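Laboratory data are not the source of any read-out in this text; all were calculated from the coordinates shown. Worth saying up front: this structure is predicted, and the values here are computed from it rather than measured. Every residue, glycine among them, receives a Cβ derived from its backbone with ideal geometry; neighbour counts consider all protein chains shown.
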Amino acid sequence: MIYLFYGNDEIRSRDKTGAIINSLLAKSPEASLFRLTNENFKASSLDELTKGQGLFHQKFIVACDNLLSGDKENKEILEAVRGALQEIAKSENVFIFLENNIEEKVLEKIEKLAVKTQKFEKRVGELAGHSAFNVFSLTDAVSARNKNRAWVLYQEALMAGLSAEEILWKLIWAVDNLLLVKNTKDSSKLKLKPFPLTKAKNATKNFSNEELKKLSASLVDLYHNNFLGTEEFDLGLEKIILSV
C-alpha cells in the first residue's frame, strides 16, 4: 500500500505525512514504524519490509523520506525503490513516501499504484507575502450556521492548498471556544482577546449546549476514525460542515 505526498511546500507535506502516521498508529498502536532515509537505506531492508510482518501485529508502517529525487548520489536508491514499486503497492504494509523533488516518470508510475497522492505547493499568496485564504472566514460561517457559505468556503480552502486536517483543527478550535464561552459565567476570566470573544458570544446564540457538544464530538470522532488525507476523511468533514 502506497501513499505519496510531494511538492515544494515541505512544511505542509511533512505535516500531512506525520498526520497519516499518527492516524495509522492510533488505529493500530501495536504496528511497527520504520523510517527509511538516504542515510540508512538498504535494498535488503526494503525487501524485508515489503514482504515481512510484525511479530505482534500484521502490518509495518514505513516512512520513506526523499528516496526518489533521482540526484546523482541517490540514483542507486531510486532504482531500487522504483524496481520494487509493484511489490510495495501489493504489500499489506503501508509505505508513505515524502518527496520534495520527484522525477516525472516515477511520479506517473506511483500515481497509478498509490492509494493516495497529494501535491503540496507554496501558495501564490504566501510567495507574495500575504495569506491566500483566510480560514477564519470558514469558521465564522460555521459559527453562524450558514452551511451554504461554509461549504463554498471549504471548497475554496481546499483549492487554495489548505488540507482538510488543517481545516478540521481550526473548526475544533472554534467550536471549543463556543463551548467555553457558553459555559463560562464570567467571560472576563477567559483567555480570549476582545474581538474573538465578542464573535464567540454572538455565535453561541446560534447553538444549544448539546448541539455544540455533538458538533465537537463529531469533529473529534472524524479525526480518530478516518485516515487523515484520505477521500473518506475529506468527505467526512464536508458532511459535518453541511450538517451544521
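Under a Cβ-Cβ cut-off of 11 Å, what is the net charge of the residues other than TRP169 that fall near it, where Lys and Arg count +1 and Asp and Glu count -1?
Counting the neighbours of TRP169, the net charge comes to -3.
Can you work out the Karplus-derived ³J(HN,Hα) for every residue in segment 26-38? Use 6.51 cos²θ - 1.76 cosθ + 1.60 with θ = phi - 60°, whole Hz, and x for glycine or proline.
In residue order, the calculated couplings are 5, 7, 9, x, 8, 5, 8, 9, 10, 10, 10, 10, 4 Hz.
Over the chain, with a Gaussian network built from C-alpha contacts below 10 Å, which listed residue (SER208, SER91, SER163) shows the highest mean-square fluctuation?
So, out of SER208, SER91, SER163, the one fluctuating most is SER208.
Can you work out the FRET efficiency for the pair GLU39 and ASN206, with r the C-beta to C-beta distance and R0 = 35 Å, to the nearest 0.05? Spell out each step's value before the answer.
Values: r = 53 Å, r/R0 = 1.52.
Given R0 = 35 Å and the Cβ-Cβ separation, E is 0.05.
In the Gaussian network model of the chain, springs joining C-alpha atoms below 10 Å, which of GLY18, GLY52, GLY83 carries the largest mean-square fluctuation?
Answer for the Gaussian network model of the chain: GLY83.
So, in nm, how far is label GLU232 from label MET159 when the simple model puts each one 7 Å beyond its Cα toward the Cβ?
2.9 nm
Excluding ALA200 itself, calculate the net charge of residues whose Cβ lies under 11 Å from the Cβ of ALA200, where each Lys or Arg counts +1 and each Asp or Glu counts -1.
That sum, taken over residues with Cβ under 11 Å, equals +3.
Count the net charge of all other residues whose Cβ sits under 13 Å from the Cβ of VAL220, scoring Lys and Arg as +1 and Asp and Glu as -1.
Here the count lands on -1.
Compute a Gaussian network model of the chain, connecting alpha carbons closer than 10 Å, and tell me which residue from GLU165, GLU79, GLU108 fluctuates the most.
Among GLU165, GLU79, GLU108, the largest GNM mean-square fluctuation belongs to GLU108.
Once both axes come from the Cα atoms, what is the angle between helix 164-182 and the longest principal axis of the chain, in degrees from 0 to 90, rounded to 10?
The angle comes out at about 30 degrees.
In nm, to one decimal, how far is the modelled label at GLU108 from the one at ASN148, with both set 7 Å along Cα→Cβ?
4.5 nm
Consider just the alpha-carbon atoms of the chain and return their Rg together with their Dmax, both in angstrom.
21.1, 65
How far, in degrees from 0 to 90, does helix 209-225 lean away from the longest principal axis of the Cα atoms of the chain, to the nearest 10?
Taking Cα atoms only, the helix is inclined about 0 degrees.
For the chain, give the magnitude of the charge dipole about the Cα centre (Cβ charges: +1 Lys/Arg, -1 Asp/Glu; no others), in debye to the nearest 20.
1300 debye
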